[in-house]
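The values are calculated or read from the model by the stated rules, or taken from the named source; none is laboratory data. Being a predicted model, the structure only gives us computed values, none of them experimental. Virtual Cβ from ideal backbone geometry, glycine too; neighbours counted across all protein chains shown. Heavy atoms of the whole protein, side chains included, go into the accessibility calculation; ligands, DNA and RNA do not. Shrake-Rupley method; radii C 1.70, N 1.55, O 1.52, S 1.80 Å.
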Amino acid sequence: QVQLVESGGGLVQPGGSLRLSCAASGNIFRFYTMAWYRQAPGQEREWVAHITGDGTTVYRASVEGRFTLSRVNAKNTVNFELNSLKFEETAVYYCNGRFSVGEGGPPSDYWGQGIQVIVSS
């Protein structure tokens with residue numbers, strides 16, 4: 001069974017920065033992708049960014065150039081740098097991982113519990 005442990009987040013002023021981290025553990029046979037989503041109050045959960053096994057990153061247009069997603073070399077761990085944060089980006093941020101568990105297992109999605117990011121002066 002895969003577990004995702006998120007860290008970082010908290011309160012930051014508009015224009016400030018935060019670093020989120022997500023570490024996946026368990027019998028992970030193949031890494032397909034890891035991603036971040038966010039859900040603002042009263043809104044649907046939306047995709048923000050993801051990274052594939054070969055290191056390719058894709059970002060939501062509204063965060064392109066401000067957020068950076070990277071993978072730790074020898075671990076199923078990602079760091080997510082959030083720069084120049086805006087008030088409207090206040091949300092619960094969720095880590096997602098798509099892995100196969102055990103040799104020959106099918107790919108499946110796993111979720112962290114979510115961490116709060118509050119952008120406020």
Which members of segment 106-121 meet the condition of being in a loop (DSSP other than H, G, I, E, B) and open to solvent by 20 Å² or more (accessible area, probe 1.4 Å)? PRO106, GLN113, GLY114, SER120, SER121
Sole miss for ASN96 among (1) at pLDDT 95 or above; (2) polar (S, T, N, Q); (3) open to solvent by 20 Å² or more (accessible area, probe 1.4 Å) is condition (3)
Residue pairs meeting the criteria (Cβ under 6 Å; at least 6 apart or on separate chains; first farther than 27 Å from GLY53 by Cα, in segment 76-92; second open to solvent by 50 Å² or more (accessible area, probe 1.4 Å) and of a type in the set (Val, Ile, Thr)): THR90/ILE118
Matching residues, segment 46-82, being in a loop (DSSP other than H, G, I, E, B) and surrounded by 14 or more Cβ atoms within 10 Å (Cβ to Cβ): ARG60, ARG66, ASN76
Is at least one residue of segment 11-18 out of contact with any helix residue (DSSP H, G or I) (no Cβ under 8 Å at 6 or more places or on another chain), part of a strand (DSSP E or B) and either closer than 19 Å to ARG98 by Cα or open to solvent by less than 40 Å² (accessible area, probe 1.4 Å) (or both)? yes
